[in-house]
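The values are calculated or read from the model by the stated rules, or taken from the named source; none is laboratory data. Small disclaimer: the values here were computed from a predicted structure and weren't measured. Cβ sites come from the backbone with ideal geometry, for glycine too, and all protein chains shown count toward neighbours. Heads up: the accessible areas ignore ligands, DNA and RNA and are worked out on the full protein's heavy atoms, side chains in. Shrake-Rupley method; radii C 1.70, N 1.55, O 1.52, S 1.80 Å.
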Amino acid sequence: MSDLMHDSVFFSNELFKNVVKQIDESCLLAGIDPNVGDRLKRPKRALVVSIPVRMDDGSIHVFEGYRVQHNMTLGPGKGGIRYHQDVSLSEVAALATLMTMKCSLVGLPLGGAKGGVRVNPNLLSRAEKQAMTRRYTVEIANIIGPDRDIPASDVGTDGQTMSWLMDTFSQVRGYAIPGVVTGKPIEIGGSLGREESTGRGVVYCAEEAAKILKLPMNKQTTVAVHGFGKVGSIAAREIHALGTSVLAVSDVSGGIYSRAGLDIPEVLKWVQQHGVLKGFPNSEPITNEDLLELNVDILLPCAMENVIHKGNAERVKARLISEGANGPITHDAHAILSGRCFIVPDILANAGGVIVSYFEWVQDIQSFFWQEKEVNEKLKSVIVQAFNEVAGTSKRLNCDMRTAAMARAILRLEKAMLLRGLFP
Ligand code: NDP
């Protein structure tokens with residue numbers, strides 16, 4: 001890593017540092033042009049915006065928001081918008097970098113971007129959230145659009161947030177532009193299967209990895225799922241549907257555990273009625289920390305980054321981890337775990353979301369919508385093929401799946417960047 005890199009504003013973030021280390025290792029192993037490697041360690045463009053919002057009590061609060069476009073060699077930027085109190089410019093830059101790698105790895109004609117607002121969305125009323133989303137959209141409107149950069153939902157945002165974003169962008173332009181954003185409800189140009197796509201992909205990858213480990217997907221195989229939001233709840237539902245025993249799931253306030261295995265469809269109904277996992281009948285409470293260290297075969301971290309770190313990695317017992325979240329395992333923890341645990345890296349395991357986001361964008365542009373069966377079949381075929389290609393590279397280069405995935409992603413980018421050349 002060049003010394004100059006330490007001057008970068010982005011380097012203050014742990015996830016950004018981890019991603020840069022991954023890029024360095026993969027570039028070295030795959031013999032990537034050092035100029036390409038260096039370029040990929042910095043985002044193309046980063047925008048910081050102030051978002052003044054009139055709160056319900058009449059006061060004005062100014063929130064800080066970001067949109068980072070990491071690389072657009074392969075096509076328009078693509079990446080979610082996160083509402084979370086810990087969001088920072090450097091975290092968003094790290095997530096944008098991972099998006100570049102993810103889109104490249106699974107062969108999409110898209111670049112990498114990410115956005116965020118530093119706010120705890122649970123403390124906002126619906127009206128405040130709407131006002132904040134609309135003003136944020138206007139502030140970043142100059143750099144987004146169906147042919148420039150296409151946001152989507154992420155932590156703390158959902159189909160409703162994407163609807164407000166799509167509406168605001170369309171109002172400003174004067175006509176409906178559904179292709180500006182993905183993760184929309186079906187009624188305004190969303191794709192069937194998008195909501196479930198990330199969780200499904202996480203489980204398709206776990207199934208493929210289990211075949212390599214000769215781990216059967218049956219009642220004897222135990223699973224823990226960290227995070228029960230858009231990704232974790234679907235991943236839990238899908239892996240439970242395969243016949244495995246899901247012993248524990250959690251949300252931000254803690255988790256629930258059952259030695260006999262949780263009835264996930266019932267847990268989903270409970271959360272719909274009560275809003276939280278807490279109190280689910282016939283279960284014991286478990287902390288998020290203990291859940292990660294449970295004696296299970298498969299762990300699906302589907303909440304936030306850096307939750308498995310050098311302080312707890314030794315105690316993580318799972319044989320297989322499929323990363324639903326972005327960056328849940330730090331670089332140090334990965335080194336501790338990789339000898340004894342098969343890790344499907346984030347840019348592969350959670351790529352289902354961006355794959356179906358790409359399908360949504362294509363459907364919007366063509367104004368021609370597909371059946372859910374077609375969406376799901378195409379998703380499975382793209383992600384399973386990517387998994388097998390990464391597993392092949394990992395064997396050929398004698399490296400772990402994360403390094404192999406990153407190397408494949410960078411190799412595709414390297415070819416495109418060298419063909420396009422340096423402007424001016
Ligand atoms: P959501 O906001 O829908 O869900 C996040 C879940 O994690 C919630 O259950 C939340 O609890 C829980 N959580 C938040 N903080 C913590 C914490 N510190 N400890 C334990 N649990 C916590 O987000 P998503 O499911 O969309 O995203 C989860 C991860 O997946 C993120 O890393 C995101 O970037 C990644 N991802 C998401 C994609 C998507 O399509 N949505 C695509 C690819 C990656 P509570 O509900 O109580 O707040």
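Some observations on this one:
To keep it simple, each residue is scored yes or no on (1) away from the ligand (no atom under 16 Å from the Cβ); (2) open to solvent by 40 Å² or more (accessible area, probe 1.4 Å).
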position: Leu337; (1), (2): yes, no
position: Ile343; (1), (2): no, no
position: Ala351; (1), (2): no, no
position: Val354; (1), (2): no, no
position: Tyr358; (1), (2): no, yes
position: Glu372; (1), (2): yes, yes
position: Asn376; (1), (2): no, no
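- For Thr157, the conditions (1) part of a helix (DSSP H, G or I); (2) in the same structural domain as Ala96 (by TED's automatic domain parsing) are fulfilled apart from (1).
- Looking only at the stretch 68-89, residues that are under 18 Å from Val117 (Cα atoms), small (Gly, Ala, Ser) and open to solvent by 10 Å² or more (accessible area, probe 1.4 Å) come to 1 in all.
- Qualifying residue in the stretch 12-23 (condition: more than 21 Å from Arg402 (Cβ to Cβ) and surrounded by fewer than 16 Cβ atoms within 10 Å (Cβ to Cβ)): yes
- Pair list, Cβ under 7 Å, 6 or more apart: the stretch 325-340 residue within 26 Å of Gly199 (Cβ to Cβ) and among the aliphatic types (A, V, I, L, M), other residue open to solvent by less than 20 Å² (accessible area, probe 1.4 Å) and in a loop (DSSP other than H, G, I, E, B): Ala325/Gly227; Ala325/Cys302; Ile329/Glu323; Leu337/Val316
- Filter result for Gln363 (modelled with pLDDT of 95 or more, farther than 20 Å from Ala303 by Cα and over 23 Å from the mean Cα position of the chain (by Cα)): no
- Note on the stretch 330-418: enclosed helices (runs of 4 or more DSSP H) holding 2 or more residues that are hydrophobic (A, V, I, L, M, F, W, C) and under 22 Å from Thr73 (Cβ atoms) are 346-349, 352-366, 372-396.
- Residue count for the stretch 395-409 satisfying the condition of being in contact (Cβ under 8 Å) with a residue 24 or more places away in the chain and more than 15 Å from Glu208 (Cβ to Cβ): 9.
- Search result, residues across the stretch 156-168 that are surrounded by fewer than 24 Cβ atoms within 10 Å (Cβ to Cβ) and within 15 Å of the ligand (Cβ to nearest atom): Gly156, Asp158, Gly159, Gln160
- Unique match (being within 16 Å of the ligand (Cβ to nearest atom) and among the aliphatic types (A, V, I, L, M)) among Ile234, Ile188, Ile212, Ile177: Ile234
- No other residue among Asp24, Asp33, Asp38 is without any contact (Cβ under 8 Å) to a residue 24 or more places away in the chain and outside the structural domain of Pro109 (by TED's automatic domain parsing) apart from Asp24.
- Residue selected from the stretch 1-36 under the condition under 25 Å from the mean Cα position of the chain (by Cα) and not in a helix (DSSP H, G or I), by the criterion modelled with the highest pLDDT: Asn13
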